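The block underneath contains the structure these notes are about, expressed in structure tokens.
The values are calculated or read from the model by the stated rules, or taken from the named source; none is laboratory data. Keep in mind the model is a prediction, meaning the values are calculated, not measured. Using ideal geometry, Cβ is built from the backbone for each residue, glycine included, and neighbour counts are taken over all protein chains shown. The accessibility values were calculated without ligands, DNA or RNA, using every heavy atom of the protein model including side chains. Shrake-Rupley method; radii C 1.70, N 1.55, O 1.52, S 1.80 Å.
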Amino acid sequence: MNVLERAASAQVIDDIVLPFAVESLSTRGRLVRLGPTIDQLLKRHDYPEPVSKLVAEAVALAALLGSTLKIEGRFQLQTKSDGPVTMLLVDFDAPSNLRALARFDKTRLASAFQAGDDLLGRGHMAFTIDPGGEMTRYQGVIALEGQGLEEAAHHYFERSEQIPTLVRLAVGEIVASGGSAWRAGGLVVQYLPEASGRRLKADFDPGDAPEGVAPHRIAEDDAWTEAKARAATTEAHELIDPTLSGERLLFRLFNERGVRVFKPARLAAVCRCSAEGVDAMLRSFPPHEVRDMVGDDGMIGVTCEFCSTKRVFNPADYA
């Protein structure tokens, strides 16, 4: 195998997922850096700041997880909960397209934010994977109990995938002379040794063991202990720093062990909606329902919830 050894590039590239491997620690991962793409996704909606931060976290997490799909696959992250932010929805159409939206209660949001309360509350987060073609869709669900998206992702991998995993997410708004711009970043690190026995973990505490019975424990593999400790030193500001390249960040974390990077995948804010799609939808309604959609201007206006694009149609075309 031919491996090119070189210094970590200082070139900052935004809107990418950068896969990497630390082979000496049997660890693989992905780093996501979002600049103009997340700024565009958020500014399409003009959400309140707390909602924008949650949406950006969800987008970064969806990019980290969805980027493992093959080229025609789709990945969806969705939350439904009883908090002020009742729903988050992110679609990732492989290999690059992202869109997102949130639904929230403005009154509850303001009071919860002032009190420092969790904005999602209790509910669930679902990951839906559609590999495309004739392959079976898969959905994983994890409970939301006030722990936030980052911790919920940890629980998902621990319980559903049973892969030792560390996830870091960061969001921030960078203010400069030309105005402000949103940035987001994420890191996922997973322990994937060739010998599956090295991934063994203790069973979950059954909660009803007889008094005096010691819980079943298996010590973490030293390689994963070190990899996790190194990755955990990642600071939020490093994940969104517009002057720090992804390669330099990975070098900071794993330089003593050697880190190998692979070709990055590009990300973009692209919606699935189209004039043709809306036209087909309108033609599927009976005439009396189409008439009910006509506005005061005598036309039918349809606005996409994801990208806020408004399209206007003549009702006469659907008589």
What tally of residues in the range 237-256 results from selecting those that are of a type outside the set (Asp, Glu) and more than 19 Å from Thr37 (Cβ to Cβ)? 8
So, in the range 271-300, exactly how many residues are outside any helix (DSSP H, G or I) and surrounded by 13 or more Cβ atoms within 10 Å (Cβ to Cβ)? 8
Against the condition in a loop (DSSP other than H, G, I, E, B) and either out of contact with any Cys (no Cβ under 9 Å at 6 or more places or on another chain) or modelled with pLDDT under 95 (or both), how does Pro19 come out, does it pass? no
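Residue-wise test of (1) among the aliphatic types (A, V, I, L, M); (2) out of contact with any Asp or Glu (no Cβ under 6 Å at 6 or more places or on another chain); (3) surrounded by 13 or more Cβ atoms within 10 Å (Cβ to Cβ); (4) modelled with pLDDT of 90 or more.
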site	(1), (2), (3), (4)
Tyr156	no, yes, yes, no
Pro164	no, yes, yes, yes
Gly185	no, yes, yes, yes
Val188	yes, yes, yes, yes
Lys228	no, yes, yes, yes
Thr234	no, yes, yes, yes
Taking the range 24-39 as the region of interest, how many residues are more than 30 Å from Pro164 (Cβ to Cβ) and surrounded by fewer than 18 Cβ atoms within 10 Å (Cβ to Cβ)? 1
Out of the residues in the range 74-95 meeting the condition of being over 13 Å from the mean Cα position of the chain (by Cα) and surrounded by 20 or more Cβ atoms within 10 Å (Cβ to Cβ), tell me which one is modelled with the lowest pLDDT. Gly83
Considering only the range 301-316, state which residues are open to solvent by less than 90 Å² (accessible area, probe 1.4 Å) and not aromatic (Phe, Trp, Tyr). Gly301, Val302, Thr303, Cys304, Cys307, Ser308, Thr309, Arg311, Val312, Asn314, Pro315, Ala316
Test Gly66 against the criterion of being open to solvent by less than 20 Å² (accessible area, probe 1.4 Å), of a type in the set (Gly, Ala, Ser) and within 25 Å of Asp241 (Cβ to Cβ), and give yes or no. yes
Would you pick out the residues in the range 113-129 that are surrounded by fewer than 20 Cβ atoms within 10 Å (Cβ to Cβ) and without any contact (Cβ under 8 Å) to a residue 60 or more places away in the chain? Gln114, Ala115, Gly116, Asp117, Asp118, Gly121, Arg122, Gly123, His124, Ala126, Thr128
The range 152-190, residues that are over 23 Å from Ala223 (Cβ atoms) and among the aromatic types (Phe, Trp, Tyr): Trp182
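Condition (residue is surrounded by fewer than 24 Cβ atoms within 10 Å (Cβ to Cβ), touching a residue at least 12 places away in the same chain (Cβ under 8 Å) and of a type in the set (D, E, K, R)) applied to the range 1-13: is it met by at least one residue? Show your work before the answer.
To start, the set of residues in the range 1-13 that are surrounded by fewer than 24 Cβ atoms within 10 Å (Cβ to Cβ) comprises 1-13.
Checking which are touching a residue at least 12 places away in the same chain (Cβ under 8 Å) leaves us with 3, 8-13.
Narrowing further to those that are of a type in the set (D, E, K, R): none.
No, because not a single residue in the range 1-13 is surrounded by fewer than 24 Cβ atoms within 10 Å (Cβ to Cβ), touching a residue at least 12 places away in the same chain (Cβ under 8 Å) and of a type in the set (D, E, K, R).
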For the range 27-113, give me every one of the strands (runs of 3 or more DSSP E) that falls completely inside it and has 2 or more residues that are more than 30 Å from Leu250 (Cα to Cα) and not aromatic (Phe, Trp, Tyr). 74-81, 85-93, 97-104
Determine if the range 200-221 includes at least one residue that is more than 14 Å from Arg28 (Cβ to Cβ), open to solvent by less than 70 Å² (accessible area, probe 1.4 Å) and either of a type in the set (D, E, K, R) or at pLDDT 95 or above (or both). yes
Every residue from the range 159-196 that is basic (Lys, Arg) and either closer than 12 Å to Val32 by Cα or part of a loop (DSSP other than H, G, I, E, B) (or both): Arg168, Arg183
Return the pairs, sorted by first residue and then second, in which the second residue is part of a loop (DSSP other than H, G, I, E, B) and at pLDDT 90 or above, the first residue lies in the range 268-287 and is over 16 Å from Glu305 (Cβ atoms), the beta carbons are less than 9 Å apart, and the residues are 6+ apart or on different chains. Ala268/Asp15; Ala268/Ser96; Leu282/Met293; Phe285/Met293
